[in-house]
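Rule-based calculations on the coordinates, nothing more; no lab input. A quick note: this is a predicted structure, and the numbers were derived from the prediction, not measured. FYI the Cβ positions are ideal-geometry reconstructions off the backbone, even for glycines, and counts take in every protein chain you see.
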Amino acid sequence: MTHATSGALRAAEAPQASAQLDGVDLAALAQRIATPFHAYSASAIRARIATLEAALAGCDALVCFAVKANPNIAVLQLMAQAQFGADIVSGGELQRALRAGIAPRRIVFSGVGKTAEEIGAALDAGILRFNVESRDELDCLQRVARERGVVASAAARVNPDVDARTHAKISTGKAENKFGVSMDEARAWFAASAHFPNVRLDGLHVHIGSQLLDVEPYRLAFARVAAFWRELVAAGNAIASIDIGGGLGVCYRATQDAPIDVADYIAAARDALRGFEGRLILEPGRWLVAEAGVLLTRVLRIKQGIERDFVIVDAAMNDLVRPSLYDAWHEIEHVCRTHGDEVSYDIVGPVCESADTFARARRLPRCNAGDLLMIRNTGAYGTSMASTFNSRPLIAEVLLDGGRYAVVRRRQTIDELVAGERVADTWCKP
C-alpha cells in the first residue's frame with residue numbers, strides 16, 4: 001500500500017476531528033466504558049484483509065495471522081471468517097486460535113523455545129506444520145511425533161543474514177539474532193532426513209524482522225531463500241511450501257513512515273520464487289491490525305514541572321509498552337478538541353517508573369483533568385504485551401463495527417488479578 005493510500009485508509013477509518021472510529025462516537029463510548037481501554041475497528045481489519053487477498057489473487061497462498069500481534073479471540077475470529085490461518089509461538093496461542101475457530105490445518109508453529117508439551121499439544125490438534133529453529137528442536141519433534149505414532153510436517157527456518165533496516169529489538173534475520181539457522185545447517189538437516197522418520201522436512205521458512213518500511217531487504221532475503229530452494233530440489237529434496245514470514249510496517253508517524261505497498265511485497269516474493277509450484281505461506285500481524293486500534297485514556301491531572309509540563313493520564317506503560325520498550329512514536333490526539341492554544345506536554349502514565357512515558361514535548365490543545373485522549377495505532381502489540389505491573393488490572397478491549405460496539409475483553413478485577421496467589425500456610429518438601 002502506498003503512503004497516499006495508507007493515508008486515505010487512516011482518513012476513512014481512524015478517528016478524526018469528529019471523534020469517530022468505525023461509525024462509533026468515541027467520547028460517547030468512553031462514557032459507557034471506563035478508561036483506559038483499547039478499541040479496534042473491525043471494518044479497518046477487513047479492509048486490510050481484502051487488500052492482501054487482492055494482491056495474492058491467482059497464487060496458491062495461505063495467510064497465517066501472527067497471533068502475537070493481537071491475540072484477542074474476537075480479532076482472531078475475523079481472521080477465521082476470512083479463511084486465514086494462524087502463526088503461533090506458544091501453546092496458549094494455539095488454544096486461542098482453535099477457540100476462535102481457526103482450522104488446525106491452517107496453523108503453523110514458530111518460535112525458538114517450543115517445549116515438548118507444546119509440540120505434543122500441536123501434534124494432537126493436527127496443525128499444518130512446525131517452523132523448526134534448531135537441531136535440538138528437530139530432535140525433540142522427532143521424539144514426540146514418534147511417541148504418538150504420527151509424522152509431523154516441518155519447515156527449516158533459515159536465517160539469511162539480511163539487515164531488515166528496522167529497530168534492533170525487532171530484527172530477526174541477521175546472523176547475530178537468535179532466530180533460524182544458517183543455510184549450511186539447514187542443508188545438513190535435509191541431507192540427514194532419513195534419521196527423522198517421524199518428521200517430513202519439506203518446507204522452508206524465513207522472517208527477517210518487523211515494521212519493515214523498505215522492500216529491498218525482502219527482495220534480498222527472498223532471493224537467498226529461492227536459491228536455496230532450487231539447490232535443495234536439485235539435490236532431490238521435495239519442497240512443498242515456502243513461508244516468507246511477515247513484518248510489513250505501518251504508518252506510526254505520518255511525517256516519516258512510508259509503508260511498503262503490499263502489492264510490491266507480494267510481487268517481490270512472486271518474482272524471487274518464479275517456478276515454485278508449492279504453497280506460499282505468509283505471516284502478517286502488525287500490518288493487519290495496528291492501524292485499526294486506538295487506546296482511549298483520560299487526563300488525570302496536569303502537573304507543572306520545573307522544566308516541562310506533564311499530562312498525567314490513566315493509561316500506563318503496562319497497557320502499551322511500545323514507547324517505553326522501543327522509544328516508539330504513537331500519534332496522540334485530543335478526542336473532543338482539535339483547536340485552541342497548543343501547549344507542549346510530556347504525556348505520562350501513573351506507573352512508578354520514569355519510563356512510563358508515551359510522548360515527550362508533544363504539542364496538544366491545552367488539556368484539563370477529565371479530557372479524553374486517544375493514542376493511535378495500538379491494534380498490534382498493545383494488549384498482547386500488557387502486564388499487571390504496579391498491580392494494575394488488564395484493561396478492557398472493545399470491537400467496533402459499523403456504528404456498534406462489543407466488549408470483547410472486560411476489564412480485569414483485582415480479585416481476578418490475585419486469584420492464583422495464596423499465603424504460605426501449606427509447606428512441602430521436594
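Compute the FRET efficiency between HIS195 and ALA54 as 1/(1 + (r/R0)^6), taking r as their Cβ-Cβ distance and R0 = 51 Å, and round to the nearest 0.05.
It comes out at approximately 0.70.
Whole Å is fine, so just give me how far the alpha carbon centre of segment 308-373 lies from that of segment 379-430.
23 Å
Averaging over every viewing direction, what projected area does the convex hull of the Cα atoms of segment 110-284 cover, in nm²?
Result: 10.2 nm².
Specify the longest stretch of the chain that does not include any exposed loop site, a site being one of the GluC sites (Glu not before Pro) with a non-H, G, I, E, B DSSP assignment and at most 16 other Cβ atoms within 10 Å. Mind dumping the intermediate values first?
Numbers: sites that count: GLU176, GLU277, GLU307, GLU353, GLU421.
In the chain, the maximal stretch lacking such sites is 1-175.
In nm, to one decimal, how far is the ASP327 label point from the SER182 one, both placed 7 Å along Cα→Cβ?
3.3 nm
Could you tell me which of rounded, prolate or oblate describes segment 41-96, using a ≥ b ≥ c as the square roots of the eigenvalues of the alpha-carbon gyration tensor, with rounded for a/c under 1.5 and, failing that, prolate when a/b is larger than b/c and oblate otherwise?
Oblate.
Given R₀ = 22 Å, FRET efficiency for ASP257-ARG337 by Cβ-Cβ distance, to 0.05?
With a Förster radius of 22 Å, E is 0.30.
Starting from 0.36 nm per residue, how many nanometres of slack lie between ARG301 and ALA361 once their C-alpha separation is accounted for? Numbers along the way, then the final one.
On the way: separation 60, 0.36 × 60 = 21.60 nm, distance 1.68 nm.
19.9 nm is the gain from fully extending ARG301 to ALA361.
Expected output is a single nm value to one decimal: the length gained when fully extending between SER391 and ALA267, i.e. 0.36 nm times separation in residues minus the C-alpha distance. What is it?
In short, 39.9 nm is gained.
What nm value, rounded to one decimal, do you get for the distance between THR426 and VAL407 when each label is placed 7 Å out toward the C-beta?
Placing both labels 7 Å beyond Cα along the Cβ direction yields 3.3 nm.
Add -39500 (n - 2.57) for each DSSP H run of 4 or more in the chain, then divide by its residues: what number comes out at 222 nm, to the nearest 500 deg cm²/dmol?
Calculated from helices alone, the mean residue ellipticity at 222 nm is -8500 deg cm²/dmol.
Once fully extended, how much extra length lies between ALA240 and ALA28, figured as 0.36 nm per residue of separation less the alpha-carbon to alpha-carbon distance? Working shown, then result.
Numbers: separation 212, 0.36 × 212 = 76.32 nm, distance 5.13 nm.
Taking ALA240 through ALA28 to full extension adds about 71.2 nm, to one decimal.
Would you please classify the overall shape of the chain from the alpha carbon gyration tensor, given that a ≥ b ≥ c denote the square roots of the eigenvalues, rounded means a/c under 1.5, and beyond that prolate means a/b larger than b/c while oblate covers the rest? Spell out each step's value before the answer.
Working: a/c = 2.04, a/b = 1.55, b/c = 1.32.
Prolate is the answer for the chain, as a/c is 1.5 or above and a/b outweighs b/c.
Quick one: if the Förster radius is 41 Å, what FRET efficiency do VAL151 and ASP214 give, using the C-beta to C-beta distance and rounding to 0.05?
0.55
Which residue fluctuates the most in the chain, going by a Gaussian network model with Cα springs under 10 Å, if the choices are ASN318, ASN70, ASN390?
Among ASN318, ASN70, ASN390, the largest GNM mean-square fluctuation belongs to ASN390.
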